[in-house]
1. When a/c is below 1.5 the answer is rounded, else prolate if a/b is larger than b/c, else oblate, so apply that to region 220-273 with a ≥ b ≥ c taken from the square roots of the Cα gyration tensor eigenvalues.
2. Would you mind working out the magnitude of the charge dipole of the chain relative to its Cα centre, with +1 at each Lys and Arg C-beta and -1 at each Asp and Glu C-beta, to the nearest 20 Debye?
3. How much net charge surrounds Arg205 when only the other residues with a Cβ under 13 Å from the Cβ of Arg205 are counted, with Lys and Arg +1 and Asp and Glu -1?
4. Here are labelled values, (i) 54; (ii) 57; (iii) 65, and one is the computed percent of Cα pairs over 33 Å apart for what I pasted. Which one?
5. Just how far, in whole angstrom, is region 623-649 from region 390-457 if you go by their alpha carbon centroids?
6. Need the list of lysines near Lys473 for cross-linking: C-alpha distance under 16 angstrom, and skip anything on the same chain fewer than eight residues off.
7. With a 4.7 Å Cβ cut-off, tell me which Cys residues in the chain come up empty for a partner.
8. Among the lysines, which fall within straight-line cross-link reach of Lys11, defined as a Cα-Cα distance under 24 Å, with same-chain neighbours fewer than 8 residues apart omitted?
Amino acid sequence: MNLAQLLQQLKADERFTRNVTRWEVIPPAEERVEDFPPSLNPRLVEVMKSRGIDRLYCHQAESIRLAAQQRSFVVPTPTASGKTLCYNLPVLDTMLSQPQARALYLFPTKALSQDQMHEVHGVVRDLGADIGVFTFDGDTPETARRAIRSSGHIVVTNPDMLHQGILPHHTLWVKLFENLEYVVVDEIHQYRGVFGSHVSNVLRRLRRIAKFYGANPRFICCSATIANPAELATRLTGVEVDEVSENGAPRGEKHFVFYNPPVVNQELGIRQSVIKTARRIAENFMGAGAQLIVFARSRMRVELLLTYLEKAGHRVGLKSGEVRGYRGGYLPNERRAIEKGLREGTVSTVVSTNALELGIDIGRLDVCVMAGYAGTVASTWQQAGRAGRRQNLSAVVLVASSSPGDQYIINNPDFFFGRSPEHATLDPDNLVILMSHLKCAAFELPFEVSEEYGGQRIVEILDYLAQSGVLHKSEDRYHWMADTYPAEDVSLRSAAPDNVVIIDRSIPGGRVIGEMDLFSAQEMLHDDAVYLHGAQQYHVDRLDWERREAHVQPVTVEYYTDAQRKSELKTLTAELDRPLGFGQVALGEVGLVSKVTVYKKIKLGTHENVGAGRVHLPELEMHTTSFWWELPDDPDDPELSLQATMAAAGLDLGDALKGLAHLLGRVAPFFVMADPADLHATAMVRSPFTDRPTLYLYDSFPGGVGFARRIFDQFEEIATAARSHLGACPCPSGCPACTGPALESGGTSRDGVVWLLDRLALEGESVSAEGRA
């Protein structure tokens, strides 16, 4: 049985199709090609033709034209559309005519850096040109680093190494910075939230150093499909960026199936195991002889699925080694061997974390099975792009878990298959992040009094740092004067400068296995917590709050811990507000005083509460950015009182607000490309600031990183999507996938949320109608 026959069989199987929420057939597309632009060096054209590339896709040709016009640009095309040539051809073309020219390639992971380095190295070898291509990361031997600094024409690295290993030592990289023509930033949709805000500041520092050496590099960015690629690239790089909007790459017919496992516990909203379901579906495709990739969301799930599918492989006649796993923690040589096996067809099935989501070359695959939603539409399309990388028939099956995020996407397929609604968000001017990078920048080069950073005057912050003894002001300059090396203390993945170090005490002398910001540490690293790291469970023996150390030991237990945080939210200032038809929305700064007080032990699988304990930790304070929705209310007038109106309809305002917070806290992250933990939702029946029933959605990071601002701009769209999701949810009175379990959110919570969102839609339509009239 081949793939086409299997798909027909599945389509005819009622037991399979009754759990399918969407079977989308994406038609094939013809390639759109152009001749090589006449400006391209003939030697380069000759090498491309010798490698079987006789013409360019239209987006590749447009990239070369924009580069020739000295423009920065972003290419937001799907996986396997030939984005690599969009930057390699302009860079190599420049180096053939300007032998001293340099380029810096930035990739989010070391594995991707290595893969792309081999790609460009092959072209350079065929050219026979004296162009040095080197990877510079934490694994680069000290002996090789000096040669790379002097003779590296193309330096391939990652943001962390640029931040800590290159910029602070720019005097050793004079040749690179004096002659820097291009900066290539791949997978920019990965640079959002806190990480993106940090990387934007790293690129500000890069441009500042390049300017000092007399260079003004252009930026070439690549991205998965998101709603705002040019806006994100401009914000990330700090320069005006054009968008290459056409995609000329061909594609074969693709069947994309959304599969929602059946409910096994109606009250708790628990569905059949996503692992077992994905395993069963993958086994069907293995039996049809298809080459497939199975994506799982954690290392533990990868190993579980690998165990199951290896046994299934033996049953269908696959040889040992044809079914492999791929994740972080494998040795580089092992990962390279798996990638080669996929390209050559000697590996028929691979089970991977998102490590294979990015553009590493693994050749042609027939099928992609996703055991759980990847977290964003962009990442899901990236994973789906692993199937059908040539013009052949392919299939993708997304198997949803019971989590609210998975249930939202699986029951709202139009959200996924329409034009990407996701806006990637970052805020490089977050004061905490900005301050950290100003220290790094001052260490690298003194600041002039009149100097701008990120397009704004920063003299007040520099004066503050001088008063704090970090900088020294001499005439019109600010000089670094502290003994420390600031870049070492700045993690690109945390907004707060203070972190808790996690130490495994089962190893003699202890071994640091990770770090965590203070807010998260109180919830996940309190005494007696069970902490998951790389699929290994650890028991937290002690959290030394003063020393910022969590002492842990590996364990194997049948439960996980869930801490409860009590928070008091105070609205400090309202920056923006606008009427909404039903109430009004606002954006402003809030102060959060929070304290973790208790934790529950939750049994794995059944999610039963099997124990509890108290947590003794100090209160934490944080200022952040929040969106809020003030609902119309006049408690002194029975006719205008929201509480009285809802009570008359048999609904409770408090329960409805609680359910609304649960629902919007799970739907809003989809629109702003945030992880659910990046946003918090809370509601008050009467807010002390607004004196009305108010729902707050605020950034989880000090100062905020732009999520709340994006919600303020898109709230009507988010509320409409939340109402649609609620209508599609089959539960009668609330479940974890919508307004929260009925036992926790009150029996009328679901109906109350429907009432509020319907009123918002109704009033909003009437306001729009008045505006049109």
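The values are calculated or read from the model by the stated rules, or taken from the named source; none is laboratory data. Computed from a predicted structure; not experimentally measured. Here Cβ is always computed from backbone atoms with ideal geometry, including for glycine, and neighbour counts include all displayed protein chains. Note: accessible area is taken over every heavy atom of the protein model, side chains too, but ligands, DNA and RNA are not part of it. Shrake-Rupley method; radii C 1.70, N 1.55, O 1.52, S 1.80 Å.
1. oblate
2. 2820 debye
3. +3
4. Structure-derived value, by its label: (ii).
5. Region 390-457 and region 623-649 have Cα centres spaced 34 Å from each other.
6. Hits, sequence-local ones excluded: Lys439.
7. Among the cysteines of the chain, those whose Cβ sits 4.7 Å or more from every other are Cys58, Cys86, Cys221, Cys222, Cys368, Cys440.
8. In chain and number order, the partners are Lys254, Lys276.
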